[in-house]
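A short worksheet on the structure shown next.
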Amino acid sequence: MTLTELFGPVRRAEWWFWGVVLAAMVLFLYPADESFFIAHLSVADSSAQLAQYQSYLWHHAMVLLVFLIPLLLMPRLGIANQGGGLFAPGDWRWGARWTLLACLVVTLPTWISAADPQFQAEYPLAPHAFSSPSLLALFLFSYVLYYVGWEAFFRGFIGYGLVGLGYAPFLALMVQVALSTIIHIGKPQMELIGAIPGGVLMGVLAYRSRSLLWPLLFHIYVGFINTMFCWMQGA
């Protein structure tokens, strides 16, 4: 029995799509991880806090690289982009309205969760960033790069890509939610659970507004206030 007889006809673009998805997630979990930097790239006489700080700069930059490239390669892989202008505003009136509302809704729950011992143990990711304004600014800038890569991959390459391959938008939405939630395993319990409605919300923002800008801005907002709230309550 041939593979075609076993699985049915599979287009070349679909092989490319799933190959890239699997490769990107493996790269995310190993060479892009901060533990790779600590093990192989950190300077031997660096303090533990400095090495941790540098490892997250590495992680954020590598996530941008690993997750943005698939989105940029979509046309060459024969995958239609159903996302309009990507990080262009798209339907900005709708996107801005619902993104602002979502940001308002999550602010209080984020403040409450920041007092949770699991969040206190996890965040801020690099306490050394709070040693000086310049270190904090660089860390937050790297965090933006991280979220650009994240949204480019999950809401862009996977979400837009599956729709471009002819799959229903709901299936595309749930695939990216499932994969992005799996990557949250090991995070605080409430963050893992929150990744499900958060992934749905950001998928809807991306698909309805035809832009990755609005889920990106929402994700940055949540990441920044979570970092600051955890630092404020743990200080």
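Every read-out reported here was derived from the displayed coordinates using simple, explicitly stated rules and does not represent laboratory data. Nothing here was measured: the structure is a model prediction, and the numbers come from that model. Virtual Cβ from ideal backbone geometry, glycine too; neighbours counted across all protein chains shown.
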Quick one: angle between helix 133-151 and the longest Cα principal axis of the chain, in degrees between 0 and 90, rounded to 10, please.
-> 20
Using 7 Å Cα-to-Cβ label points, what is the Val144/Ala48 separation (nm, one decimal)?
-> 3.3
Computed over the chain: longest principal axis from alpha-carbon atoms vs helix 169-183 long axis, angle to nearest 10 degrees, is 40
Calculated FRET efficiency, Thr4 and Tyr167, Cβ-Cβ r, R0 22 Å, to nearest 0.05?
-> 0.65
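How much length would be gained if the chain were fully extended between Val26 and Asn81, taking 0.36 nm per residue of separation minus their Cα-Cα distance, in nm to one decimal?
17.5 nm
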Assuming R0 = 45 Å, what is the FRET efficiency of Arg97 and Arg12, from their Cβ-Cβ distance, to the nearest 0.05?
-> 0.65
Per the C-alpha gyration tensor (a ≥ b ≥ c, the square roots of its eigenvalues), region 1-102 is rounded if a/c is under 1.5, else prolate if a/b beats b/c, else oblate; here it's oblate
FRET E, pair Gln118, Ala88, Förster distance 30 Å, beta-carbon r, rounded to 0.05 = 0.20
The chain: relative contact order in percent, alpha carbon pairs under 8 Å with at least 6 residues between | 29
0 to 90° range, to nearest 10: angle between helix 12-29 axis and the chain longest Cα axis = 10
